[in-house]
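What follows is a single structure, written as structure tokens, with notes after it.
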Amino acid sequence: MDYCKGRITKLLVDYFGNDFRRITHALDVLKHSEKIMESTEIYDYDIMIASALLHDIGIKKSEAVLGHNNGKTQEEYGPPIAEELLKKINFPPEKITRVCEIIGNHHSRSRFDYIELKILKEADRIVNDLESG
């Protein structure tokens, strides 16, 4: 399990490079996701870790292409990037699909009833609230 976390964390860090703000945000979301998972019985660990670490992966491309990012653009640009990154580490294809659906829906009204999406949204909300003071 931690092998998955280490490899995906490396993907995140390599992708964002010196953008420590984005890396720290993702790690904080992972930390809060793990706290929430402690009181949750049924979830897929690998999907949860990948979703937490890569949920904002679309920000970089959105800012490069559009000059800005928001929830909608993160949901648009994130899934293809996450898919490409996860394929590099031979992440299971059926889990890649779920991670991409979660990333593509983490700022919108839920189109999917995935426990991992609910956990991610709550952890991201907590971290965003902490970051905004």
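Laboratory data are not the source of any read-out in this text; all were calculated from the coordinates shown. This is a predicted model, so every value here is computed, not measured. Quick reminder, even Gly has a Cβ in these numbers, built from the backbone with ideal geometry, and neighbours come from all protein chains shown.
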Starting with the fewest neighbours, write out Phe112, Phe16 ranked by other beta-carbon atoms found within 10 Å of each beta-carbon. Phe112, Phe16
Which aspartates and glutamates, on any chain, are close to Lys72 with Cα under 13 Å apart, when same-chain ones fewer than 8 places away are left out? Asp56, Glu63
Quick check: from the Cα gyration tensor, does region 52-133 come out rounded (a/c under 1.5), prolate or oblate? oblate
Packing-based ranking, highest mean first, of 8-15, 51-58 given that Cβ atoms within 10 Å are counted: 51-58, 8-15
Go through Lys61/Lys121; Lys31/Lys118; Lys35/Lys95; Lys35/Lys61 and tell me which ones have a Cα-Cα distance over 24 Å in this structure. Lys35/Lys61
Taking the Cα centre as origin and putting +1 on Lys and Arg beta-carbons and -1 on Asp and Glu beta-carbons, what dipole magnitude results for the chain, to the nearest 20 debye? 260
